[in-house]
Amino acid sequence: MIESVCIFGDSVARGVVLDEAKQRYVDSRSCFARLVAEARHIAVENFSRFGCTVTKGSRVAQRHLEDAARADYTVVEFGGNDCDYRWQQVAADPLSPHDCNTPPARFCAEYGALLQQVRRAGGRPVAFSLPPVDEQRYFDWISRGLSKDALLQFLGGVRRIYDWQAHYSDLAAETAQALNVPVVDLRGAFLSHNDYRSLLCGDGIHPNEAGHRLITQVLEDRIAQLA
């Protein structure tokens, strides 16, 4: 029986959604962590942070390893901010090379180190794959106030956003599997939906409340398997 869970992640794990009317981000009262906690009477310590990369997340985790050790499971969810770029810099000079926030090799190394850090502390890490993005909506979101033509010069096409984020989801899953860390395939669940884009906020990247209900169902099914 699972009684407690610790979470290290970014705004997706935090339960941040876009308030479509106000066009600003807010914490959802119906995020998956709250829904699972209420349905299963599980104590959840959520240390996820908006904008968190695996580098920042590792620093957060370092301060809360005792919480991870006490929890039955520790969820680790990163990659969405790691694969992102500093779009203002890109738009200003699209023909120059630009690194994303955490280049692939460093991401794998730091993600793996974080999973091992949790395990060495006595925790039981579980990795999440990333929900897919709606590349057109995300492009429209990040290009507000910037030159779309310049961004497209760098990207080569909007589809690049989808493929690059999918690559980081794969890197996270592969790194976890290499360490025998269980992976909860959120990405597969979203892509199995007949219209996964309807599960995302207007920014094209954060799951909306319907998306969080799907994540909740995936986790409920996984918990039932462990029971």
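The values are calculated or read from the model by the stated rules, or taken from the named source; none is laboratory data. Source: prediction; values computed, not measured. Note that we place each Cβ from the backbone using ideal geometry, even for glycine, and neighbour counts take in every protein chain shown.
Taking each residue of the stretch 126-153 that is on the phi > 0 side of the Ramachandran plot and looking for partners that are modelled with pLDDT of 95 or more with beta-carbon atoms closer than 6 Å, six or more apart or interchain, yields nothing. Scanning the stretch 91-109 for residues that are surrounded by 20 or more Cβ atoms within 10 Å (Cβ to Cβ) and not in a loop (DSSP other than H, G, I, E, B) returns Ala91, Phe107. When each of Val181, Val158 is tested for being hydrophobic (A, V, I, L, M, F, W, C) and under 25 Å from Asp221 (Cβ atoms), the lone residue that passes is Val181. Look through Leu115, Leu130 and report the one residue that is assigned to a loop (DSSP other than H, G, I, E, B), closer than 24 Å to Arg222 by Cβ and hydrophobic (A, V, I, L, M, F, W, C). Answer to the check: Leu130. Cβ-Cβ contacts under 7 Å between residues 6 or more apart (or on different chains), taken from a first residue in the stretch 90-101 that is within 15 Å of Ser147 (Cβ to Cβ) to a second residue that is modelled with pLDDT of 95 or more and outside any helix (DSSP H, G or I), are listed as Val90/His98; Ala91/Leu146; Ala91/Ser147; His98/Tyr85. Scanning the stretch 71-112 for residues that are under 18 Å from Phe47 (Cα atoms) and out of contact with any Phe, Trp or Tyr (no Cβ under 8 Å at 6 or more places or on another chain) turns up Ala71, Asp72, Tyr73, Asn81, Glu110.
Checked against (1) at pLDDT 95 or above; (2) of a type outside the set (S, T, N, Q); (3) surrounded by fewer than 20 Cβ atoms within 10 Å (Cβ to Cβ); (4) out of contact with any helix residue (DSSP H, G or I) (no Cβ under 6 Å at 6 or more places or on another chain), Leu226 meets all criteria but (1). Filter the stretch 154-166 for residues that are surrounded by 14 or more Cβ atoms within 10 Å (Cβ to Cβ), of a type outside the set (Ser, Thr, Tyr) and part of a helix (DSSP H, G or I) and give the result. Listed by number, the residues that qualify are Phe154, Leu155, Arg160, Ile161, Trp164, Gln165, Ala166.
Each row is one residue, and each column tells you yes or no for (1) aliphatic (A, V, I, L, M); (2) surrounded by fewer than 18 Cβ atoms within 10 Å (Cβ to Cβ); (3) modelled with pLDDT under 95.
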{"position": "Gln136", "(1), (2), (3)": "no, yes, no"}
{"position": "Arg144", "(1), (2), (3)": "no, yes, no"}
{"position": "Ser147", "(1), (2), (3)": "no, yes, no"}
{"position": "Tyr168", "(1), (2), (3)": "no, no, no"}
{"position": "Val181", "(1), (2), (3)": "yes, no, no"}
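Pairs are defined by a Cβ separation below 6 Å, a sequence spacing of at least 6 or placement on different chains, a first member in the stretch 52-69 that is farther than 17 Å from Arg119 by Cβ, and a second member that is of a type in the set (Ser, Thr, Tyr) and at pLDDT 95 or above; the pairs so defined are Thr53/Thr102.
What residue, of Leu95, Leu35, is of a type in the set (A, V, I, L, M, F, W, C), farther than 22 Å from Pro182 by Cβ and modelled with pLDDT of 95 or more? Show your work before the answer.
Values: Leu35 fails: farther than 22 Å from Pro182 by Cβ.
Checking each option against the conditions leaves just Leu95.
The C-beta contact set for the stretch 166-184 (first residue farther than 12 Å from Pro125 by Cα, second residue of a type outside the set (A, V, I, L, M, F, W, C) and surrounded by fewer than 20 Cβ atoms within 10 Å (Cβ to Cβ), distance under 7 angstrom, 6+ apart or interchain) comprises Leu171/Pro104; Thr175/Gly112. Of all residues in the stretch 35-47, none are in contact with a Gly (Cβ under 6 Å, 6 or more places away or on another chain), touching a residue at least 40 places away in the same chain (Cβ under 8 Å) and not acidic (Asp, Glu). Total residues in the stretch 183-219 satisfying the condition of being touching a helix residue (DSSP H, G or I) at 6+ places or on another chain (Cβ under 7 Å), part of a loop (DSSP other than H, G, I, E, B) and surrounded by fewer than 22 Cβ atoms within 10 Å (Cβ to Cβ): the figure is 5.
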